[in-house]
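Encoded as structure tokens, the structure appears first; notes follow it.
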Amino acid sequence: MKTVLITGVLGQDGPYLAKFLLEKDYKVYGLIRRYTNPNFSNLDYLGIADKIEYIQGDLTDESSLMNIIKTIRPDEVYNLAAQSFVGSSWNQSKLTTEINSLGVLYLLNAIKLFSPITKFYQASTSEMFGNSSIDGLQNEETPFHPRSPYAISKLYAYWITNNFKESYGTFCCNGILFNHESPIRGKEFVTRKITDGVARIKLGLGDKIRLGNLDSQRDWGFAGDYVEAMYLIMQQESPDNFIISTGETHSVRDFCEAAFNYVGIKDWEKYIVLDPQFKRPAELFALKGKSDKAKNVLGWEPKVKFKELVEMMVDADLARLKNK
Ligand code: NAP
Ligand code: F7E
């Protein structure tokens, strides 16, 4: 039986990946921070909270990571833990850097010292591109130009992951994932903020959604599809980096329109309030990934399309609110 350590197992991607690997008969260890009341709701949503072995540790605490790697010596580590909210990274730039940059260095050092055969996956991000593109698209060759403390912290992580591969021969991969969403996406991210808001308005539990802007464009996929790509990246003969995206881009406005239309609300703009507190000091205007390499080498393609994703998220929020 293969063993895997997933950091960030209580977040969005962690539960989808854990479910996928449990179905492949992996023994799944999940790293969680010390909490008085840890929140297992995302794992509960997927029905796997009791199938994971939890280990306490923190990406900012090198000794905890050393002990964990030394003790379990997993076949694979998927480092999904992060301060992942771009908007907060300006106000919490030190914490963001400690978790997203130094945390990766600590994990890699622990692997090098105590379990050099362990394969390592780093959750890299399309945010590293900023507004740069090649003919309006981003692929593995597109130059990076990060525009937030989050993106900068992730760029360090990307390069230190490459560096351990080049320096020590560690099996290290970067998945450069574009935005991916699901019914268990955090509510501060724009998609879930919209679907939760639409469900509340539909049920008479809310009357407005406050957003920063409607013009940003993102390449939105489904988290359940994207964790399959993470797994495939780690099963290749040699470690490599891959763009994972849908190749389609939509604006926040498109997302609102699709979500409101789905519940039968056509005059949706009257429910939106533009609120400057949700604007960012520096913005990424449009992302559109070109994942041809993933298609050709991994045989990976996204299955869930934009409209289906929006409807899945609205349905889940309606059901949750009705059950309350
Ligand atoms: P998420 O929902 O924010 O989950 C992140 C997880 O990291 C949380 O469970 C959090 O734990 C954990 N964490 C934060 N700080 C930690 C620390 N110091 N020690 C240990 N754990 C810590 O993120 P996600 O959407 O699942 O994304 C997974 C990864 O992919 C992240 O690294 C993100 O930056 C990256 N990424 C995401 C996307 C996307 O569109 N979702 C795209 C590209 C890359 P708590 O539950 O205890 O807070
Ligand atoms: O913003 C705009 C916002 O916070 C998307 C993370 O998973 O994906 C995510 O980062 C866009 C931005 O995601 C609001 O300004 C407008 O242009 O949902 P988001 P993100 O910043 O793209 C990448 C790939 C990651 O790696 C990250 O970890 O929507 N927007 N109004 C808003 N965004 C939010 N959150 N709230 C608003 O009210």
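The values are calculated or read from the model by the stated rules, or taken from the named source; none is laboratory data. Everything numeric in this text was worked out from a predicted model, so none of it was measured. Note that we place each Cβ from the backbone using ideal geometry, even for glycine, and neighbour counts take in every protein chain shown. Surface areas here come from the heavy atoms of the whole protein model, side chains and all, with no ligands, DNA or RNA. Shrake-Rupley method; radii C 1.70, N 1.55, O 1.52, S 1.80 Å.
For the range 70-193, the antiparallel share of DSSP beta bridges with both residues in that region comes to about 10%. Measuring between their Cα centroids, the range 219-245 and the range 248-307 lie 20 Å from each other. With K and R counted +1 and D and E -1, the other residues having a Cβ less than 14 Å from that of Phe255 yield a net charge of -4. Would you mind pulling out the separation of the Cα centroids of the range 1-80 and the range 156-215, in Å? Computed from Cα coordinates, the inter-centre distance equals 19 Å.
For the modelled label position 7 Å from the Cα of Ser41 along Cα-to-Cβ, which residues of the range 307-324 have backbone nitrogen atoms closer than 19 Å? Those under the cut-off are 312-324. The accessible surface of the range 213-324, taken with every protein chain in place and a 1.4 Å probe, is 48 percent carbon and sulfur.
Label sites at Asp215 and Glu237, each approximated as a point 7 angstrom past Cα along Cα to Cβ, lie 4.9 nm apart. Rounded, prolate or oblate: which fits the range 1-139, taking a ≥ b ≥ c as square roots of the Cα gyration tensor eigenvalues, rounded meaning a/c under 1.5, else prolate when a/b beats b/c? Rounded shape, in that the Cα axes give a/c under 1.5. Computed from the alpha carbon positions, the gyration tensor of the range 53-201 leads to an equivalent ellipsoid with semi-axes of 28, 20, 14 Å, biggest first. For the chain, what does the alpha-carbon gyration tensor say about shape, rounded, prolate or oblate, given a ≥ b ≥ c as the root eigenvalues, a/c under 1.5 as rounded, and a/b over b/c as prolate? Prolate is the answer for the chain, as a/c is 1.5 or above and a/b outweighs b/c. A simple spin-label model places pseudo-atoms 7 Å from Cα toward Cβ; at Glu23 and Asn163 they are separated by 3.8 nm.
Based on Cα atoms of the range 154-311, Rg over Rh with Rh as the Kirkwood radius reads 1.05. DSSP bridge analysis restricted to the chain gives an antiparallel fraction near 10%, rounded to the nearest 5.
Working note: Cα gyration tensor of the range 19-58, eigenvalues times five, square-rooted, sorted largest first, giving semi-axes of 19, 13, 6 Å. Set the bar at 23 Å for Cα to Cα. Now go through Lys119/Lys293; Lys279/Lys324; Lys2/Lys288; Lys19/Lys202 and name every pair that lies beyond it. Going by Cα-Cα distance, Lys279/Lys324; Lys2/Lys288; Lys19/Lys202 fall outside the 23 Å limit.
Given the range 84-172, report the % of alpha carbon pairs whose separation exceeds 21 Å. Across the range 84-172, Cα pairs with separations above 21 Å total 36 percent. For the range 46-113, what class follows from the C-alpha gyration tensor (a ≥ b ≥ c being the square roots of its eigenvalues): rounded when a/c is under 1.5, otherwise prolate if a/b is larger than b/c, else oblate? Here the range 46-113 falls in the oblate category. Highest mean packing first, where packing is the average number of other Cβ atoms within 10 Å per residue, the peptides 12-22, 136-146 line up as 12-22, 136-146. Solvent-accessible area per residue in the chain equals 44 Å², computed with a 1.4 angstrom probe and all protein chains kept. Rounded to the nearest 10 degrees, the inclination of helix 306-323 to the longest alpha-carbon principal axis of the chain is 80 degrees.
Remark: spin-label model distance Ile265-Glu53 equals 4.7 nm, labels positioned 7 Å along the Cα→Cβ axis. Taking chymotrypsin sites (Phe, Trp or Tyr not before Pro) across the range 27-81, the ones in a DSSP loop with at most 12 further Cβ atoms lying within 10 angstrom of their Cβ are Tyr35.
Peptide packing for 246-259, 214-227 was compared via the average number of neighbouring C-beta atoms within 10 Å per residue; ordered from the highest value, the list is 214-227, 246-259. For helix 103-114, what angle does its Cα long axis make with the longest principal axis of the chain, in degrees from 0 to 90 and rounded to 10? For 103-114 against the chain, the angle is about 30 degrees. Got a sec? Charge dipole of the chain, +1 on Cβ for Lys and Arg, -1 for Asp and Glu; which of Ile243, Phe222, Trp159 is way out at the positive end? Result: Phe222.
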